[in-house]
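Here the structure comes first, spelled out in structure tokens, and everything after it is commentary.
The values are calculated or read from the model by the stated rules, or taken from the named source; none is laboratory data. What you are looking at is a predicted structure, and each value in this text was computed from that prediction instead of being measured. In this analysis, Cβ positions are derived from the backbone assuming ideal geometry, glycine residues included, and neighbour counts consider all displayed protein chains. With ligands, DNA and RNA removed, areas are computed over all heavy atoms of the protein, side chains included. Shrake-Rupley method; radii C 1.70, N 1.55, O 1.52, S 1.80 Å.
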Amino acid sequence: MKNVTDRIRNPFGMRPDCPSFVPGYGDANADFHVVGDYPGVHGGTESGVPFTGEAWSPAFLSALAAAGLIAGLADGVAPDGVAIDGDPTAIDPVRTDRTFFSYLHMCESEGAPDEGAYDDMERFFDAELRAIAAHVLLPVGARATEHVLETYT
């Protein structure tokens, strides 16, 4: 299979109309696509990488590593997936191996997005999901699970 891009952070250059966002991250030729809700619930605001920077991130990332879905964390990265020293976005903290992370709503916000905001962000998520074309979708959380089951099964 031809590699569509070697970029790990935001490999398709998604640019939603919001001041700050957590774009998709990982292997663009992924077999597994881990889908979360939004940064306020599933983290990533500090490192720019979904599912990092939360109190539960070490356990979650360890479980993914134990299952063989990620290759682990890069050197110089704390167990929560955030760089220990310097700019947390300067290194790629999670060593993905055939896995991609993204959110239904990638914009950072004060509280939960409303239905209109989710509807607006659907175009970004759907484009990314179709570009990745993973064999397995792994939704995390109630909203992501409901969306994946209703829309992609």
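So here's what we get for this one:
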| quantity | calculated |
| --- | --- |
| Expected 222 nm ellipticity per residue - DSSP helices of 4 or more, -39500 (n - 2.57), all of the chain, to 500 | -8500 deg cm²/dmol |
| Charged-residue dipole, Cβ positions (Lys, Arg, Asp, Glu), the stretch 25-130 about Cα centre, Debye nearest 20 | 440 |
| Mean separation of Cα contacts under 8 Å, 6 or more apart, over the residue count of the chain: relative contact order % | 32 |
| Length released on extending from Glu150 to Asp75, taking residue separation times 0.36 nm less the Cα-Cα span | 23.1 nm |
| Probe 1.4 Å, protein heavy atoms only - accessible area per residue of the stretch 25-130 in square angstrom | 42 |
| Residue-by-residue Karplus 3J(HN,Hα) for the stretch 99-108, coefficients 6.51, -1.76, 1.60, Hz, glycine and proline x | 10, 10, 10, 7, 10, 4, 10, 7, 6, 7 |
| Burial ranking of peptide ranges 90-101, 12-23 (average Cβ count within 10 Å, highest at the top) | 90-101, 12-23 |
| Calculated FRET value between Ala65 and Val136, using beta carbons and R₀ = 22 Å, to 0.05 | 0.85 |
| GluC sites (Glu not before Pro) restricted to DSSP loop in the stretch 81-153 with at most 10 other C-beta within 10 Å | Glu110 |
| Positive dipole terminus of the chain, leading residue within Val136, Gly81, Gly44 (C-beta point charges) | Val136 |
| Accessible area of the chain belonging to carbon and sulfur atoms, whole % at 1.4 Å probe | 52 |
| Answer label, with semi-axes √(5λ) of the Cα gyration tensor in Å calculated from the coordinates and candidates (i) 43, 25, 14; (ii) 21, 18, 15; (iii) 28, 18, 11 | (ii) |
